[in-house]
1. One residue is enough: does the stretch A:285-295 have a residue meeting the conditions assigned by TED's automatic domain parsing to the domain that holds A:Pro65 and in a helix (DSSP H, G or I)?
2. So, A:Asp177, is that one crowded, with 24+ Cβ neighbours inside 10 Å and under 19 Å from B:Ala236 (Cβ atoms) or not?
3. Could you list, in sequence order, the residues of the stretch A:420-441 that are closer than 30 Å to A:Phe85 by Cβ, modelled with pLDDT under 90 and in contact with a helix residue (DSSP H, G or I) (Cβ under 9 Å, 6 or more places away or on another chain)?
4. Within the stretch A:196-210, restricting attention to residues that are of a type outside the set (A, V, I, L, M) and away from chain B (no Cβ under 14 Å), which residue is surrounded by the most Cβ atoms within 10 Å (Cβ to Cβ)?
5. Being surrounded by fewer than 21 Cβ atoms within 10 Å (Cβ to Cβ) and touching a strand residue (DSSP E or B) at 6+ places or on another chain (Cβ under 8 Å) is the filter; apply it to the stretch A:83-96 and report the residue that is modelled with the highest pLDDT.
6. Is at least one residue of the stretch A:337-351 on the phi > 0 side of the Ramachandran plot, at pLDDT below 95 and either assigned to a helix (DSSP H, G or I) or in the same structural domain as A:Asp210 (by TED's automatic domain parsing) (or both)?
7. Checking B:Asp32 against (1) touching a strand residue (DSSP E or B) at 6+ places or on another chain (Cβ under 8 Å); (2) over 28 Å from B:Arg210 (Cβ atoms), only one condition comes out false. Which one?
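The values are calculated or read from the model by the stated rules, or taken from the named source; none is laboratory data. Note that this is a predicted model, so its numbers are computed, not measured. Heads up, the Cβs are rebuilt from the backbone with ideal geometry, glycines too, and the neighbour counts pull from every protein chain shown.
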Amino acid sequence: MKRPNRLRWQAAAIVTVAALAVAACSSSSSSSSSSSPSSGSSSAALTASAPGITSTTITIGSHQPLTGPAAPGYDEIAPASAAYFAYVNAHGGVYGRKIVYKYLNDAYDPTTTASVVRQLVLQDNVYAIFNGLGTPTHLAVVQFLNSEKVPDVFVASGCECWNDPTTYPETFGWQLDYVREGKILGQYVKQHFAGKKVAYFYQDDEFGMDGVKGLDDEIPASMVVSKQSYVDTNVNVAPQVAALRASGAQVVISFSIPAFTALLKLNSLKLGFSPQLVVSNVGSDPITLSGLLESFAKQGGATVNGNALTNGIITDDYLPSAGDTSNSWVALFTKVRNEYDAKAPLDGNMFYGMAAAYTFVQAMLKAGRNPTRADLVSAVEGGLPQGPMISPFAYSSSDHAGATGAFIGVIKNGVEVQQGPILTTDTSASGAITTYTGSEQQAPASGIPSP
Amino acid sequence: MTMRSLPRRLGVAVVVAVIVAFLSIKLNTFRDYQIAEIAVEVTAVAGLTMLTGLSGQISLGNGAFMAIGGYTTALLLIHLSWPFVAALVLAGAVTAVAGAVVGVAAARLRGPYLAGATLLLGVALPSVAYAWPGIFGGDQGLNVAFTTPGFLGATFPLTRWQAWVSSLVALITLLLLANLYHSRIGRSWRAVRDDEVAAALDGVNVAAARILAFVVSATCAGLAGALLAIVTGLVAPGAFTITLSIALLTAAVIGGLGSLAGAVWGSLVIVLVPTYVTDVATSHGLSSSVGSNIPVAAYGAVLILVMLVFPQGIQGGLRRLLTLFTGPGPKTRTWHTAPTPPETPSADQAQASHHEKEGTS
């Protein structure tokens, strides 16, 4: 008689504790969700027109690699975007609303991406996902975002896969896609290194394979002596570099993230192998690269001069070079950085984050005073001014790709220097590469796009 | 004993199912997703805690078994459009076979050598996906489409359905494992763990018992992998790294090795602590370089704290606390003591009901 009673008492206590624990976990969410759909009637014109939009705020979310293999360099992007949003908020916001940018760490792991993006959408009720970073990571959530009808704008990856308006009507690319980039780099190599042996080094995913597709469109197969790939979870690329060296390649084209560009360079150095390096924009930011080269070498017990090692690397860029101090965008973003993100290095990643944020503000202004989620999608499909980009965007209702062109640059003393004109092209194998004749836009004096 | 305790465990499972269903309806859809994540974790950790806590074998490779289950499910759903239940069963069967193969090797190894061998499995197996990208989708893996069944209506949230399916599978797994725990097989595992020679003298086939424990734990991991595939909608090698295998073992240890209720506690910690700490860190306006590293630090701190305060895991600690409140009560038992003699069946029942009732959360 006594024993079953005690049992029952214990069980009841445990069940209560468990229920309380779960309820406690959910309390933070219920309080935040009750504050988000505010009445909006106090300020006549601005209403809570969509999830994540109140009369005073626009809440957007993102997934970013703040730790893990892709963090070096890329972890500066979201803070830079946040800095630009803070600048806009301090200067009147978007139609008076302040942008709240909530970016969560996914450590470049697709399972974590799936979890944090669900948190942003289902719990934090963000209006849109902005600039979600990474090809394998974002692929894990693109279906979810589209089935939930959440605008998925300006994905921070040049995968051609974002441009698929039929399957993914909510998703938009932003940066130059890797196929276009591969074509532009490939044409340069074909023209300037005729008769040389060429080899590829690329990340074994959509990023690397799209790049290779573009390269193959331009470079005759007879020039290519070796194709080596790596996976971002295995930092031992010595076998691949040995194979590149054995192939006798004189030019190595690398579609790699910064950490692996650095590993390629250091492993080549160890083997006394010094081909001309041609590196995709993604993996060539001079400041990030130089820092990685020095810290990796230090871990291996050696001392190198990062800037000396990056000298002469050929790359491409779809944004003005961060080292071009005469450029109005560089001046604007430097000013914003000094005010709101002063600890961040003045490099291409910082520039990238601010430029993407600028494009987002343009799109929000165009979406109207009280936008629904669909309004943002149609605003982007209606086309956007190129802003800081050096080439026009491709946006239309049938095309969700972003930038369409780039220039070739060479790294000199830690700064990327433009060589030759801006080139634009499309993603088809036969599509011509043409010189862009339109003019670049200047940054507005206020630093904020006009509606 | 089994005659009376089986209906009791079933009853408890039904109560837990009702509570989970109630919570999933009351809480928001993201909490539903977390319930699903916890259920996946529970399914895998419960199997591992049986293996390590009961049969005394360590495995750092259960993440690889999850990968086998996940990829099996994804391939069946994508190419053959099997119903999920069928894919789940086959995923369990395939991993059982894989577990038997590994178990045969594992039965010959002890301690650190066994840990090393299973570590190798955990590191190497997910890389198979890179070797045949045409089949396994390489680095970006395979996308799995999973939808709510039509009879629930169009507005029924997908995450709630995922939570229901995962929790149901987790509950059935826990129920079966609880029966195994109290059966002759469970006793033979404990006997082997405590003294192989004595167990063999008592007529236990030591090798068979060890292999069977591996098969059971691999099957649970396979089922968890299948659930993970439909919960995240993606199977990719990045999801099954060695970190996952270690996280499973961590959950088992934090919760209390050999205890099914402990598997539930450990899973709750592993899933909820990082999200909670991230929320706290971001809401206090910490810089992203500091804020993003705090969850990792918190994870370590929780592990150290639990080991210092409750060396037998959360479940061991709770049992000690309950004893403080209610007095020594019926012969209390910790995971490493010998099986209870049949004269005191109530202790066994007490434990069984703990396990399942705590499964609520």
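1. No; the residues of the stretch A:285-295 include none that is assigned by TED's automatic domain parsing to the domain that holds A:Pro65 and in a helix (DSSP H, G or I).
2. Spelling it out, it is not the case that A:Asp177 is crowded, with 24+ Cβ neighbours inside 10 Å and under 19 Å from B:Ala236 (Cβ atoms).
3. A:Glu440, A:Gln441
4. Residue satisfying both the conditions and the ranking: A:Phe201.
5. Among those residues, the one meeting the criterion is A:Asn89.
6. Scanning the stretch A:337-351 turns up no residue that is on the phi > 0 side of the Ramachandran plot, at pLDDT below 95 and either assigned to a helix (DSSP H, G or I) or in the same structural domain as A:Asp210 (by TED's automatic domain parsing) (or both).
7. Single failed check for B:Asp32: (1).
Each row is one residue, and each column tells you yes or no for (1) of a type outside the set (Phe, Trp, Tyr); (2) touching a residue at least 12 places away in the same chain (Cβ under 8 Å); (3) buried (at least 19 other Cβ atoms within 10 Å of the Cβ).
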position: B:Phe146; (1), (2), (3): no, yes, no
position: B:Thr159; (1), (2), (3): yes, yes, yes
position: B:Ser167; (1), (2), (3): yes, yes, yes
position: B:Ala170; (1), (2), (3): yes, yes, yes
position: B:Leu174; (1), (2), (3): yes, yes, yes
position: B:Gly186; (1), (2), (3): yes, yes, yes
position: B:Ala199; (1), (2), (3): yes, no, yes
